[in-house]
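Student: Below is a structure I'd like to ask you about.
The values are calculated or read from the model by the stated rules, or taken from the named source; none is laboratory data. Because the structure is a prediction, the values reported are computed rather than measured. We place every Cβ from the backbone using ideal geometry, glycine too, and count neighbours over all the protein chains shown. In case anyone asks, the SASA skips ligands and DNA or RNA and just uses the protein heavy atoms, side chains included. Shrake-Rupley method; radii C 1.70, N 1.55, O 1.52, S 1.80 Å.
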Amino acid sequence: MKMTPLTIAAAAALAIAGAASAQTALKMGYAVPKDSHYGVGATVLCDEIAKGTNNRYSCQHFPSSALGGEREMIEAVQLGTQDMVTTSTGPLGNFVPEVKIFDIPFLFRNYDHARKTLDGAIGQDALKAMQAKGLVGLAWAENGFRHMTNSKRAINSATDANGLKMRTMENKTHMEGYKTFGILPTPMAFPELFTALQQGTVDGQENPIPVILAAKFSQVQKHLSLTGHVYSPAVFILSPNVWNKLNDADKKVFTEAAKKGAAAMRKRVNDDEARGIDLLKKDGMQVVEKVDGDSFRKAVAPAYATFAKEFGADRIAAIQAVK
Ligand code: EAX
């Protein structure tokens, strides 16, 4: 065929279109700002994906709940209208019941225990269970141990928490557990929380230090108590729409990238915990560092019978036994 200017232009246009379609920008959403443990984790994950696929895949970040609350983002990833989410397990148990067990208060002794459990067989089985629910769990990452803040009083023991109206995640396991502390749990999506605290719709909330910092809750909450009453995992989830198009090599790139993202996120949690308390004090928060943890543990102990019925005493014991 003789190349006329028109066919040359058409060929050039096709080449450009071809190159463009070979590059996919994945929509990645999360609840808190980009300068947070979520942003750090998502950035490392996405950079590693770009590197490992020679930029065939990259990410467009949607921090600060720009795509909605965590429940909505998980739904969108399931539907394929959003490609990826970095989320807490807050609403995840409503989609994948297998992850609910991790939300039991005082189940994990410390960070090491939680990380080992999630990276071990128990955590990996729960990741796999997501597949059957139309979600591809790439790796467990981390939100952190949750602590209580409120505008009413210092919480030294469970007695002080009694009667406080506290926003919780949309998470039945948390709500059941927190009721035993005498708290009035009020489930609410994260994007509504700052305003609810500002307007006094609720007295308090509970979140890990990295979230309290990133969401600037010191502006609307006077008291912080290092209750560490529950560990809050995070997880990188990919839409099956994307996953099913990947070849085996790319799948490996995504999975390995997620592990690196998780490591970066956990490191940022460590750093935020180490420097965060002083920052929050400077911002005017009154911090109770030595909380009577036993008073909370004693309060929640009877609820473990309910948890055992729902999740199996053996499964709870297996997690407790991880060393
Ligand atoms: O995932 O909803 C919550 O309190 C979460 O901890 C927060 O959005 C980070």
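Student: Are there any pairs, at least 6 apart or on different chains, whose C-beta atoms fall under 8 Å, with the first in region 178-200 and touching a residue at least 60 places away in the same chain (Cβ under 8 Å) and within 19 Å of residue 29 (Cα to Cα) and the second open to solvent by 40 Å² or more (accessible area, probe 1.4 Å) and not in a helix (DSSP H, G or I), and if so, which?
Tutor: If the second residue must be open to solvent by 40 Å² or more (accessible area, probe 1.4 Å) and not in a helix (DSSP H, G or I), the pairs left are 189/170.
Student: Could you look through region 227-257, keep only residues that are assigned to a helix (DSSP H, G or I) and among the aliphatic types (A, V, I, L, M), and pick out the one that is farthest from residue 146 (Cα to Cα)?
Tutor: This residue is 249.
Student: Could you please find all residues in region 264-306 being among the acidic types (Asp, Glu) and in a loop (DSSP other than H, G, I, E, B)?
Tutor: 283, 289, 292 - these are the residues of region 264-306 that are among the acidic types (Asp, Glu) and in a loop (DSSP other than H, G, I, E, B).
Student: Scanning for something more than 15 Å from the ligand (Cβ to nearest atom), among the charged types (D, E, K, R) and surrounded by 17 or more Cβ atoms within 10 Å (Cβ to Cβ), does region 122-131 turn up at least one residue?
Tutor: no
Student: While we're on this one: Mind checking which strands (runs of 3 or more DSSP E) fall wholly inside region 150-225 and carry at least 1 residues that are under 17 Å from residue 289 (Cα atoms)?
Tutor: 204-207
Student: Can I ask one more? Go through region 171-187 and count every residue that is within 12 Å of the ligand (Cβ to nearest atom) and surrounded by 18 or more Cβ atoms within 10 Å (Cβ to Cβ).
Tutor: Qualifying residue count for the region: 2.
Student: From the residues in region 105-121 that are closer than 26 Å to residue 178 by Cβ, away from the ligand (no atom under 16 Å from the Cβ) and among the hydrophobic types (A, V, I, L, M, F, W, C), which one is surrounded by the fewest Cβ atoms within 10 Å (Cβ to Cβ)?
Tutor: Here the residue is 106.
Student: Still on this model: With respect to the numbered conditions (1) away from the ligand (no atom under 16 Å from the Cβ); (2) over 19 Å from residue 30 (Cα atoms), which one is the sole condition not fulfilled by residue 81?
Tutor: (2)
Student: Residues to consider are 225, 232, 151; find the one that is away from the ligand (no atom under 14 Å from the Cβ) and open to solvent by less than 40 Å² (accessible area, probe 1.4 Å).
Tutor: The match here is 225.
Student: Let me ask something additional. Of the residues that sit in region 25-73 and are among the hydroxyl-bearing types (Ser, Thr, Tyr) and farther than 25 Å from residue 275 by Cβ, which one is surrounded by the fewest Cβ atoms within 10 Å (Cβ to Cβ)?
Tutor: If we take residues in region 25-73 being among the hydroxyl-bearing types (Ser, Thr, Tyr) and farther than 25 Å from residue 275 by Cβ, then 58 is surrounded by the fewest Cβ atoms within 10 Å (Cβ to Cβ).
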